[in-house]
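Student: Mind looking over this structure? Questions follow.
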Amino acid sequence: PVLTVRSVIKDRQITATQQTLVLPGADVLALRLSVEGLEQAPEIFWHQNLAPSTRIVPEWPIADWALDGVNDFAAYIDGEGRIVQFRPERPTALEREQAARLAGKSSQPSEWAAFGEGVYAITASPQGFRATTCSGTGPGDAWHQVENGVLDGARGAAGQCQGAALVRHSLRDGVYEAVVLMAFGRTHEQADEALERFIERPFALLAAEVRAHWDEWLRGMRMPASGEALHRALARRALLTIGMCRDRASGSVVRSPIAQPPLNLDWPRHGVWIAEALTIA
């Protein structure tokens with residue numbers, strides 16, 4: 001339940017470990033990056049290019065950027081220096097004009113609070129951000145700023161939006177570490193409340209809580225009668241994949257991920273097999 005990706009530059013003995021988790025019962029994602037083997041302190045950037053949606057976006061490979069009328073809306077830096085990206089439930093032409101106006105001037109975070117319910121995401125770090133930016137998509141956008149290592153500090157953007165931050169890091173026993181949390185909600189207040197519940201908790205504690213939750217969940221499942229550790233490990237991994245793809249309110253499985261070469265996609269037709277697997281387990 002804690003996704004771990006480790007990257008190694010062998011000829012320089014540099015290792016970067018990225019751990020990602022989603023907190024059970026809360027719409028909060030947490031990510032920790034640890035880097036060891038460096039001779040001097042790094043600059044660690046966070047880049048996000050979300051597509052908040054309040055309706056089903058057609059499953060078309062380029063829908064996330066070609067259909068910005070049905071996803072994305074605006075992003076801004078709030079009074080705490082955090083990145084807020086959101087989309088109202090049914091944005092009107094007046095709301096789009098208002099977002100463009102706010103993005104085009106040095107607006108105050110409170111001015112963005114006029115928008116109502118929808119999808120809100122707030123990104124923050126317990127260590128804090130040294131610099132932030134919001135931008136539209138195109139030349140000189142947040143991604144290109146990260147590539148160049150300098151953020152321009154823009155406080156808002158409308159339309160197809162991105163955000164980036166230079167994350168403060170800590171150093172312990174030769175390991176540089178940075179943590180980022182992203183909280184979601186129907187309103188800014190909901191997302192902010194979810195973020196505040198967890199922002200001060202150490203990542204190791206969050207990871208332990210996530211593992212404990214899914215260990216408890218697995219105890220209610222049937223495992224293969226085979227004594228082979230490999231079989232049981234495969235069943236455990238498959239059940240965790242199914243469990244973590246459920247909607248916590250309805251119990252329905254919202255994804256059917258396949259990641260066995262040459263496949264790397266979601267197949268809705270696998271839903272019947274997922275339902276059967278859950279029934280048996």
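The values are calculated or read from the model by the stated rules, or taken from the named source; none is laboratory data. The shown structure was predicted, so the numbers you read here are calculated from the model rather than taken from an experiment. Because the Cβ atoms are built from the backbone with ideal geometry, glycine has one as well, and the counts that use them run over all protein chains shown. With ligands, DNA and RNA removed, areas are computed over all heavy atoms of the protein, side chains included. Shrake-Rupley method; radii C 1.70, N 1.55, O 1.52, S 1.80 Å.
The rows are residues; the columns are (1) over 30 Å from Tyr176 (Cα atoms); (2) among the aliphatic types (A, V, I, L, M).
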site	(1), (2)
Gly79	no, no
Gln85	no, no
Pro109	yes, no
Ala114	yes, yes
Pro126	no, no
Asp141	no, no
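Student: List pairs: first in region 8-25 and within 19 Å of Leu240 (Cβ to Cβ) and touching a residue at least 40 places away in the same chain (Cβ under 8 Å), second open to solvent by 30 Å² or more (accessible area, probe 1.4 Å) and assigned to a helix (DSSP H, G or I), Cβ under 7 Å, 6+ apart or cross-chain?
Tutor: Pro24/His213
Student: When you scan region 1-15, how many residues do you find that are within 25 Å of Ile122 (Cα to Cα) and open to solvent by less than 30 Å² (accessible area, probe 1.4 Å)?
Tutor: Residues in region 1-15 being within 25 Å of Ile122 (Cα to Cα) and open to solvent by less than 30 Å² (accessible area, probe 1.4 Å): 1 in total.
Student: Given the conditions (1) under 19 Å from Gln127 (Cβ atoms); (2) open to solvent by 40 Å² or more (accessible area, probe 1.4 Å), report the number of the one that Ala183 does not fulfil.
Tutor: With (1) under 19 Å from Gln127 (Cβ atoms); (2) open to solvent by 40 Å² or more (accessible area, probe 1.4 Å) applied to Ala183, the lone miss is (2).
Residue-by-condition table, conditions (1) touching a strand residue (DSSP E or B) at 6+ places or on another chain (Cβ under 9 Å); (2) over 15 Å from Trp46 (Cβ atoms); (3) assigned to a strand (DSSP E or B):
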{"residue": "Arg130", "(1), (2), (3)": "yes, no, yes"}
{"residue": "Cys134", "(1), (2), (3)": "yes, no, yes"}
{"residue": "Pro139", "(1), (2), (3)": "no, yes, no"}
{"residue": "Gln145", "(1), (2), (3)": "yes, no, no"}
{"residue": "Leu166", "(1), (2), (3)": "yes, no, yes"}
{"residue": "Glu177", "(1), (2), (3)": "yes, no, yes"}
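Student: What residue, among those in region 212-227 that are under 14 Å from Leu239 (Cβ atoms) and surrounded by fewer than 11 Cβ atoms within 10 Å (Cβ to Cβ), is nearest to the chain's Cα centre (by Cα)?
Tutor: Residues of region 212-227 that are under 14 Å from Leu239 (Cβ atoms), as a first pass: 213-224.
From what's left, surrounded by fewer than 11 Cβ atoms within 10 Å (Cβ to Cβ): 216, 219-220, 222.
Numbers: Glu216: 25, Arg219: 28, Gly220: 29, Arg222: 31 Å.
Ranking the qualifying residues of region 212-227, first place goes to Glu216.
Student: While we're on this one: Select from region 16-35 the residues that are open to solvent by less than 70 Å² (accessible area, probe 1.4 Å) and closer than 22 Å to Ala238 by Cα and list them in ascending order.
Tutor: Kept after step one, since they are open to solvent by less than 70 Å² (accessible area, probe 1.4 Å), are these residues of region 16-35: 16-17, 19-21, 23-26, 28-35.
Answer for region 16-35, where residues must be open to solvent by less than 70 Å² (accessible area, probe 1.4 Å) and closer than 22 Å to Ala238 by Cα: Gln19, Thr20, Leu21, Leu23, Pro24, Gly25, Leu29.
Residue by residue, here is whether (1) open to solvent by 10 Å² or more (accessible area, probe 1.4 Å); (2) within 12 Å of Phe86 (Cα to Cα) holds:
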{"site": "Ala113", "(1), (2)": "yes, yes"}
{"site": "Gly128", "(1), (2)": "yes, no"}
{"site": "Cys134", "(1), (2)": "no, no"}
{"site": "Thr137", "(1), (2)": "yes, no"}
{"site": "Gly156", "(1), (2)": "yes, yes"}
{"site": "Ala164", "(1), (2)": "no, no"}
{"site": "Gly174", "(1), (2)": "yes, no"}
{"site": "Glu177", "(1), (2)": "yes, no"}
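Student: Looking at region 202-211, is at least one residue surrounded by 14 or more Cβ atoms within 10 Å (Cβ to Cβ), of a type in the set (Val, Ile, Thr) and either more than 30 Å from Glu177 (Cα to Cα) or without any contact (Cβ under 8 Å) to a residue 40 or more places away in the chain (or both)?
Tutor: Within region 202-211 (the criterion being surrounded by 14 or more Cβ atoms within 10 Å (Cβ to Cβ), of a type in the set (Val, Ile, Thr) and either more than 30 Å from Glu177 (Cα to Cα) or without any contact (Cβ under 8 Å) to a residue 40 or more places away in the chain (or both)), the answer is no, since none of the residues qualifies.
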